[in-house]
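Quick note: the coordinates plus some simple rules give every number you see, no bench work behind them. Given the structure is predicted, the values throughout are model-derived calculations rather than measurements. Please note: Cβ atoms are built from the backbone with ideal geometry, for glycine as well, and neighbour counts cover all protein chains shown.
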Amino acid sequence: MVSARRGRPPYVAAIDQGTTSTRCLVVDADATVVGSAQTEHRQHYPAPGWVEHDAEEIWRNTVHVVEAALRDAGLEAADIAACGVTNQRETVVVWDPATGELVHPAVVWQDTRTAEVCARLADDPATVERVRAITGLPLSTYFSGPKIAWVLDHVPGARERACAGDLLVGTVDSWLVWNLTGGPDGGVHVTDVTNASRTLLMDLRTLAWSDEQLDRLDVPPAALPAIRSSSEVYGTGHPGSPLPGVPVAGALGDQHAALVGQACFEPGSSKSTYGTGGFLLANTGEEIVRSDHGLLTTVAYQLGERPPHYALEGAVAVAGALIHWLRDRLELVRDVAEVETLAASVPDSGGAYVVPAFSGLFAPRWRPDARGVIAGLTAYTSRAHLVRAALEATCFQTREVADAMRADTGRDLDELKVDGGMVANSLLMQLQADVLQVPVVASEVTETTALGAAFAAGLAVGVWDSPEAVARVRRVGRRWEPDPGSTLATIGWSGWNNAVDRSLGWATSEPVPHPQPEPLVKETS
């Protein structure tokens, strides 16, 4: 292990920039959390199907939570051996490298404004197969490449500036690393292989930008970041950043970070993260496994000069976001903390089902025409029943992905490793065990996304010398055993599929007119 500054044990900071909030964890060499801070950012819905964030707000929040986490730990930046970053994947940021000013709000992974472009490309079966062969991904609004092209085409002058290298584009990891390492004053423009693998632009085999895909999606290479491994020193914290002099040494998309945080280093090991969305990943080792059942083939991680590991992934678009919707839009609860108590006040959902297809259905169904429905209502249905049905929706969607994973790999789940903010809801975890009929096991540190970013950064600078050393410091937390008498896996599962059938075919094929965005950076003469 590295020697600590001023003789103190080494600490690693991890910035976890998620869809609804940004947090920072500070951990020691035993993977014990010694400091943390978190703050939410605003969600913007300027038109139907559009979701945007203010990347400047995200950067301000990042500075705030890093400083707050250091205070919470009683540490200074000089005590930090390295910093890792993990981020909401597929969300696109476009900015001016000379000033750091944004040219458009960040287009979030949930956003569906590129549906027409994706549908047009998907009309050609040969194109669909070619894209999947190169990238491991289907043509979907989910991914970053079409979003990049949309911004460049809809902000006046943006495409010309990007082609000339006068604009930078990237996912949120690129935006944060660039700011941490200096921004306009020498900030490095990089992304890691996991985030690059989610753009529809990277070749899974070469881990390089695909010229064919850049041409197909009309994305200029001059604006793109350099692709690096998930665990190496990209640069050091700028004197004006909250971590001056600290090596910025790890970057992973959030779900890949959770896989590392759960120490899923062996082929066949898997985890499920419950955050804004739900994500089940299974490590397939150095083998690229193609899915026949609606899953994604993606890079799991690449730790320094070690060979990359790949994964199969099933993504559920709406998990925790459904609870926020119940709170913020329907006002069924005043606070997320009420959800478990309210849902536990009834023995079941009373036959009600919630299908949260707000932006269509992701894996394994891939139905962009689906929209949210509440089905099975009777006069008996109460607020508590609907809240419980919302929890069950996350469990049923996870089962769909688990069933597809089993079909692709031929492996049955022995247990499900779980993490993310929703793991704090014990009823949800019990419902998940009942729906899957396998044990559900939480990490002691439930925020394993941030922990994975810390592990990646620490591996790069020697806080941990190998993945095996990381596995030794990971600690298991609570375990939920399935109730063999539960009918969720049988009657509930049948009802869920009936409800999903009723969610299909709602989205119009006609484009909805939207106002054209104004550029955030004014043209100069």
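General observations
- Each Lys and Arg contributes +1 and each Asp and Glu -1, all at the Cβ; summed about the Cα centre of segment 102-197, the dipole is approximately 100 debye.
- Restriction of the trypsin sites (Lys or Arg not before Pro) in segment 130-230 to DSSP coil positions whose beta-carbon has at most 14 other beta-carbons within 10 angstrom yields 205.
- Note on segment 285-348: Rg/Rh from C-alpha atoms, Kirkwood Rh, equals 1.26.
- Loop-located chymotrypsin sites (Phe, Trp or Tyr not before Pro) in segment 78-150 whose Cβ has at most 10 other Cβ within 10 Å (DSSP): none
- For the chain, a simple Cβ point-charge model (Lys and Arg +1, Asp and Glu -1, everything else neutral) yields a dipole of about 540 debye relative to the Cα centre.
- In the chain, taking the dipole from charged Cβ atoms about the Cα centre, the farthest positive-side position among 332, 41, 58 is held by 332.
- Loop-located trypsin sites (Lys or Arg not before Pro) in segment 372-468 (DSSP state not H, G, I, E or B) with no more than 16 neighbouring Cβ atoms inside 10 Å: 411.
- Beta bridges per DSSP with both ends in the chain, % antiparallel, nearest 5: 70 percent
- Rel. contact order, % - alpha carbon contacts under 8 angstrom, at least six apart, the chain: 16 percent
- Counting Lys and Arg as +1 and Asp and Glu as -1 over every other residue whose Cβ lies under 15 Å from the Cβ of residue 331, the net charge comes to +1.
- Rounded to the nearest 20, the size of the Cβ-charge dipole of segment 143-249 about its Cα centre is 180 debye, with Lys and Arg at +1 and Asp and Glu at -1.
- Across segment 416-478, the mean sequence separation of Cα contacts (distance under 8 Å, 6 or more residues apart), normalised by length, yields a relative contact order of 37 percent.
- Gyration tensor verdict on segment 254-308 (Cα atoms; rounded if a/c is under 1.5, prolate if a/b is larger than b/c, oblate otherwise): oblate
- Counting DSSP beta bridges with both ends in segment 1-123, the antiparallel % (nearest 5): 75 percent
- Cα gyration tensor category, rounded, prolate or oblate, for segment 243-343 with a/c compared to 1.5: oblate
- Residue (of 281, 167, 250) at the positive-pole extreme of the chain, dipole from beta-carbon charges: 281
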